[in-house]
Amino acid sequence: MRIHVNSELNWLLRGNGVNTAFIQHVELLRTTPGYEVGINWKGHGDVYHSHSYGLFYFLRGLRYKGRRVLTVHVIPDSARGSIPGWQVLMPFIRWYFKKVYSFADVCIALSPRVEEAIAETGARTRIVRVYNPVPVEFWKPGEERRLRGRELLKLDKDDFVVLGVGQLEGRKGVEDFIDMAEALPELRFVWVGGRPFGALTEGVARINARITRAPSNITFPGMFELDDMPYIYASADVFVFPSYQENCPMAPLEAAAAGLPVVFRDLAEYHLLYENSWLSAANNEDFIGQIKKLKSDQKYYQDNKVLSDKLLTQFDKDQVRKKLIGIYTELYSHQR
């Protein structure tokens, strides 16, 4: 069977978690016996599976009636704190996503909250929960990777490094990350990420002003290619994820696969999503306290590395592969 996989972000806006999920989905299919994969505009397939929701999604999907799958990475609430003027645009955003979801014969929900959000739009589509796969071997840490990452980030070998990864926008909590760096001047903080959407990103002027005033112990090296990211994660000691809204975020899972303790913001979405325990912080004071304890208490540090390992078991790529094949087979067989 041939699966046609689409993502407009792969040729428009790289350097974000959705594009990473798309790339790893393609690799998953390429290593599945009996399956071939076509990408974007190249060729034709038996089933159409999209990771994006722009004009190309609709145009390319016209010929696949009854065989259209959409992985829902974005819900209407994702616009909050991500794009300028989202409050005014929200009615249109909800209307548009209803059309997007209804165009698919199957919507893949990456989390329980995503399931709810699809249903709340009133979209007429079948909803199936399938998590993003995490290829643990790709992110596996090592001393050589750690040294290479520190070279890329211009870090000293003895620095205790707190890493954040995400777009430079209010929703991702980058301003809180700066607050943490100000409160812990003895540690090194690095935020990796940029603005794939350019001027359409929320808070550009405000966040740029905070970056300009940020202390010397924090750096913003920008975006890196996916192949460099294992080195970036390996260079760190702790990963902090202060985002205010997420569905099934890739960055903290990648950090967990790289062997890092991960500190999440305490969000309701995570309580619904994760089957295993995770280290949380309710506010900046909690984040700072967790970072301090992870640095000073070696047992606590090791215990939370184990917590990261357990968190990943939910996102096993072979289980994801099995569920996807079931969806493809059902759609293809029904159409035949």
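What follows is calculated from the coordinates using simple rules that are stated; it is not laboratory data. No experiment lies behind these values; they were computed from the predicted model shown. Here the Cβ is made from the backbone with ideal geometry for all residues, glycine too, and neighbour counts use every protein chain on show.
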Point to revise | Elements of type helices (runs of 4 or more DSSP H) in the stretch 202-279, at least 1 residues being among the hydroxyl-bearing types (Ser, Thr, Tyr) and surrounded by fewer than 21 Cβ atoms within 10 Å (Cβ to Cβ) | key: 204-213, 268-273
Exercise for review: Identify, by number, the condition in (1) among the aromatic types (Phe, Trp, Tyr); (2) free of Cβ contacts under 8 Å to residues at least 24 places away in the same chain; (3) within 25 Å of ASP318 (Cα to Cα) that TYR48 doesn't meet.
Suggested key: (2)
Study note, to complete from the structure: Of the residues in the stretch 258-292, those that are in contact (Cβ under 8 Å) with a residue 60 or more places away in the chain and within 19 Å of VAL190 (Cα to Cα) come to ALA258, GLY259, LEU260, ARG265, ASN284, PHE287, ILE288, ILE291, LYS292
Point to revise | Residues satisfying the stated conditions in the stretch 99-112, i.e. in contact with a Cys (Cβ under 9 Å, 6 or more places away or on another chain) and either among the charged types (D, E, K, R) or touching a residue at least 60 places away in the same chain (Cβ under 8 Å) (or both) | key: LEU110, SER111
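Kindly establish whether TYR64 is surrounded by 21 or more Cβ atoms within 10 Å (Cβ to Cβ) and in contact (Cβ under 8 Å) with a residue 40 or more places away in the chain.
yes
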Exercise for review: Hey, can you tell me all the residues within the stretch 25-78 that are of a type in the set (A, V, I, L, M, F, W, C), under 25 Å from the mean Cα position of the chain (by Cα) and farther than 17 Å from GLU115 by Cα?
Suggested key: VAL26, LEU28, LEU29, VAL37, ILE39, TRP41, VAL47, LEU55, PHE56, PHE58
**Study point:** Filtered residues of the stretch 112-129 (kept if in contact with a Ser or Thr (Cβ under 8 Å, 6 or more places away or on another chain) and surrounded by 16 or more Cβ atoms within 10 Å (Cβ to Cβ))
**Key:** ILE118, ALA123, THR125
